Amino acid sequence: MAPVLTARGLTLRFPGAERPTLEDFDLDIEKGGFVALVGGSGVGKSTLLRAIAGLLPPDAGTIDLTSPERPGQRRRAIVFQDGRLLPWRTLRRNVEYGLEGLSLAAKERSERVDEVLRLTRMEHLADRYPHQLSGGQVQRGGIARALVVRPDVLLMDEPFSAVDALTRGALQSELLRIWSASGAAVLFVTHDIAEAALLSERVIVLSGQPARVALDRRVALPLEGRREDPGFAPLVTDIQEAL
């Protein structure tokens, strides 16, 4: 399948740093694929995500989205660690905020918001403010706001790191359902090895200073019942050894 996103010869550095944090990095993400990016602190996972999101210019190399620009949509959207909902807006208005700058009629805006609230199972919470939502609900709100622009690539920066273990497990299951329904490709940054092995079709491990690809592994295990699959523990071990 043709890639929806390509990066070639990418070099990134933290502002003010002498050495790059990531050097000569190549990446292809297929349409509708799910890629997990794993690495220790300081290897540039979040920096890479921000560069792909267009929030940070690379020092060298190129990032190309191969899908065409389409009216009323954005080719990429990002979900941060903490949801980042505006406290003075209801959930509905927070999700609608993602559509600002797009030329959409009021009726279509409303329909798009309704669609993603149903997809994230939050339609009954639409009129609540962020302080009236749980941590998991806030994160689902951030996902809904990203999905409302119908992105080709959904960028997720450790989106479940701030919630408790029980909520995290529920959100992981929800994400797989939402990903399957949305058709977007996902680039999922995490420091959690088991999470990467559990969710993705492909795992990329970054390691070293500057960081390079230490492992690029296709995951052939079925998503259904993956954690109990005999191949799951060896996959986790391989990721751990590559770090």
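The values are calculated or read from the model by the stated rules, or taken from the named source; none is laboratory data. A quick note: this is a predicted structure, and the numbers were derived from the prediction, not measured. Please note: Cβ atoms are built from the backbone with ideal geometry, for glycine as well, and neighbour counts cover all protein chains shown. The accessibility values were calculated without ligands, DNA or RNA, using every heavy atom of the protein model including side chains. Shrake-Rupley method; radii C 1.70, N 1.55, O 1.52, S 1.80 Å.
Rolling a 1.4 Å probe across the protein heavy atoms gives the chain an accessible surface of 47 Å² per residue.
Helices in the chain, meaning DSSP H runs of at least 4 residues, each add -39500 (n - 2.57). Divided by all residues, the mean residue ellipticity at 222 nm is -10000 deg cm²/dmol.
Distance from the alpha carbon centroid of the stretch 98-132 to that of the stretch 217-237 works out to 35 angstrom. Charge dipole (Cα centre; +1 on Lys/Arg Cβ, -1 on Asp/Glu Cβ; no other charges) of the stretch 84-150 amounts to roughly 160 debye. A cut-off under 15 angstrom between Cβ atoms defines the neighbours of R227, and their net charge, with Lys, Arg +1 and Asp, Glu -1, is -3.
Could you check which residue among A105, A184, A144 shows the biggest mean-square fluctuation in a GNM of the chain with a 10 Å Cα cutoff? Looking only at A105, A184, A144, the largest GNM fluctuation is found for A105. On full extension, the segment bounded by S41 and A170 gains 43.9 nm, given 0.36 nm per residue less the C-alpha separation.
Can you give the local net charge around L55? Use residues other than it whose beta-carbon is closer than 12 angstrom to its beta-carbon, Lys and Arg +1, Asp and Glu -1. Here the count lands on +1.
Would you mind getting me the FRET efficiency between T66 and R227? Use the beta-carbon distance for r and R0 = 35 Å, nearest 0.05. It comes out at approximately 0.55.
Put simply, the chain fits an ellipsoid with semi-axes of 29, 22, 17 Å; these come from the alpha carbon gyration tensor as the roots of five times its eigenvalues, largest first. For the stretch 84-150, carbon and sulfur atoms together expose 47% of the accessible surface, with a 1.4 angstrom probe and every protein chain in place. Summarising the label geometry, the points placed 7 Å from Cα in the beta-carbon direction at A53 and R93 lie 2.3 nm from one another. Take the alpha-carbon centre of the stretch 53-78, take the same for the stretch 151-195, and report the distance between them in whole Å. So the separation of the two Cα centres works out to 20 Å. Based on Cα atoms of the stretch 84-150, Rg over Rh with Rh as the Kirkwood radius reads 0.93.
Restricting attention to the chain, close to 45% of DSSP beta bridges with both partner residues there are antiparallel.
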